[in-house]
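Written out below as C-alpha cells is the structure these notes cover.
The values are calculated or read from the model by the stated rules, or taken from the named source; none is laboratory data. Please read all numbers here as calculations on a predicted model, not as lab measurements. Heads up, the Cβs are rebuilt from the backbone with ideal geometry, glycines too, and the neighbour counts pull from every protein chain shown. All accessible areas refer to the heavy atoms of the entire protein, side chains included, with ligands and DNA or RNA removed. Shrake-Rupley method; radii C 1.70, N 1.55, O 1.52, S 1.80 Å.
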Amino acid sequence: MSITIRPCTLEDIEELQEISYQTFNETFREQNSPENIDHYLEKAFNRPQLEEELKNPYSQFFFADVNNELAGYLKINTGQAQSEEMSEDALEIERIYIKQSFQKHGVGKYLFQQALQIAQQLNKQQMWLGVWEKNDNAIAFYQKLGFELTGQHSFYMGDEQQTDLIMTKRPL
C-alpha cells in the first residue's frame, strides 16, 4: 500500500467538498439527527466556505492518497485561523478525516506526521485539536500520538450543543 500526501489547493475544491461530505457523513450521521447533520454539512462544506478556508494564509489543507485514490485529508490552522484563541506557538489540527474504507490503515498517522513536520518548521511548541467526546476511536488515536486532555468547548451540530474535548500535544 502506497500512501502519499499532497497539498490541496483551490483547483481541488470539488474533491475537497466531496470528501468532506463523505467523511463527515460516515463518521457522524448515525449519532445525530438528519436535520442537524444536513444543516452542518451545508454550512461547513459549501463552496464559498471552503474557498474562504483555502484562501486563508493561516490554513493549509493536504490530501492523502492510497494507491492513487483519495483516502482522506488534513486541515491545519495557525495564528488567527485557529478555531479557539490560542498562543502564537500553537498549531491546530482542525480536521483529520479519513474515508471509512481506509481507516485503520495508517493514513491518519501519515496526515498527523505532515502536521507535526509543519509545526516543527514553524517553530510551534504545541499542537492542539478538538474532538467530539463521543468519538472514541479518534480520542484513542490522538492519545496514542501523545495528545492529552486539556479542556473542552461547545460545538454546535445544527441546533444541538455538543462537547468537544480539547487535546494538546507538547512539547513537539
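Yes/no matrix, rows are residues, columns are (1) surrounded by 13 or more Cβ atoms within 10 Å (Cβ to Cβ); (2) aromatic (F, W, Y); (3) part of a loop (DSSP other than H, G, I, E, B); (4) in contact (Cβ under 8 Å) with a residue 24 or more places away in the chain:
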position	(1), (2), (3), (4)
V131	yes, no, no, yes
A140	no, no, no, no
T150	yes, no, no, no
F155	yes, yes, no, yes
Q162	yes, no, no, yes
L165	yes, no, no, yes
T168	yes, no, no, yes
L172	yes, no, yes, yes
Exercise. Restricting to the stretch 5-20, what's the tally of residues that are open to solvent by 70 Å² or more (accessible area, probe 1.4 Å) and closer than 13 Å to K75 by Cβ?
Worked result: 1
Problem set entry | Cross-chain or 6+ apart pairs with Cβ under 7 Å, the stretch 1-30 first and aromatic (F, W, Y), then outside any helix (DSSP H, G or I) and open to solvent by 60 Å² or more (accessible area, probe 1.4 Å) | none
Seminar exercise, completed: Of the residues in the stretch 65-105, those that are in contact with an Asp or Glu (Cβ under 6 Å, 6 or more places away or on another chain) and among the charged types (D, E, K, R) come to K75
For this session: Just need a number here: residues in the stretch 149-172 that are touching a helix residue (DSSP H, G or I) at 6+ places or on another chain (Cβ under 9 Å) and of a type outside the set (S, T, Y).
Result: 9
Exercise. Within the stretch 89-129, how many residues are open to solvent by less than 40 Å² (accessible area, probe 1.4 Å), aliphatic (A, V, I, L, M) and over 11 Å from the mean Cα position of the chain (by Cα)?
Worked result: 7
For this session: Just need a number here: residues in the stretch 1-50 that are within 17 Å of Y156 (Cα to Cα), of a type in the set (A, V, I, L, M, F, W, C) and part of a loop (DSSP other than H, G, I, E, B).
Result: 1
